[in-house]
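Asker: Could you have a look at this structure, given as structure tokens, before my questions?
Every number in this text was worked out from the coordinates using simple rules, so none of it is lab data. This one's a predicted model, so the numbers in the text were calculated from it and none came from an experiment.
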Amino acid sequence: MRAYHTRKSGFTLVEILIVVIILGILAAIVIPQFTNASEDARKNSLTSQLQTIRSQLSLASVQHLDNASPHLAAGGTGNAPWDQLTVKTNADYTVTGTPAFGPYLNSAPINPLNGGTDVVVNTSATTDPAVNSAVAGGTASTGWVYYTLTNKIFATTKSGTKVYDEATGSNDQN
């Protein structure tokens, strides 16, 4: 009688380890790209949001006798700086009677980089983010820096301590 050797089908431990190592290397390459994609998406969202906010601020200024919103120009925390832009107002930004202008925004804008809505006011004549980053304050709740002399608004970076420059796609996370 002849002895037959039957081979069990399956993978050896070495083959399984090689596959696991290859999958680990591929994961190490792919996962950081997803992290960058979400950060890029937040920055693109912020750039679009800034364009919208700036155009609405310009429209509000034109309709209100070339005056900016006094609440926004005063800065502050939470929804307060944005109040006059989220409701209908008269030419002098009051809400009595039958206001004809606005609303310009649905709600207080939230900075996608840091979740902040607070507004810090800068009375400087320059809107160069590199020059005026110190104005942002230093808390993560600081979402925006408003320049009163130019009626222009900028967002802050992730920590709220520096002004985000959408023109250069500033990747400053401090």
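Asker: Which value, in Å³ per residue, describes the convex hull spanned by the Cα atoms of region 27-134?
Answerer: For region 27-134, the hull spanned by Cα atoms encloses 124 Å³ per residue.
Asker: In whole Å, largest first, what are the principal axis extents of the Cα atoms in region 20-71?
Answerer: 68, 16, 7
Asker: Quick one: which residues, 5+ away or cross-chain, put their amide H under 5 Å from the amide H of residue 104? H built at 1.01 Å from N.
Answerer: Those lying under 5 Å, H to H, from residue 104 are 86, 87.
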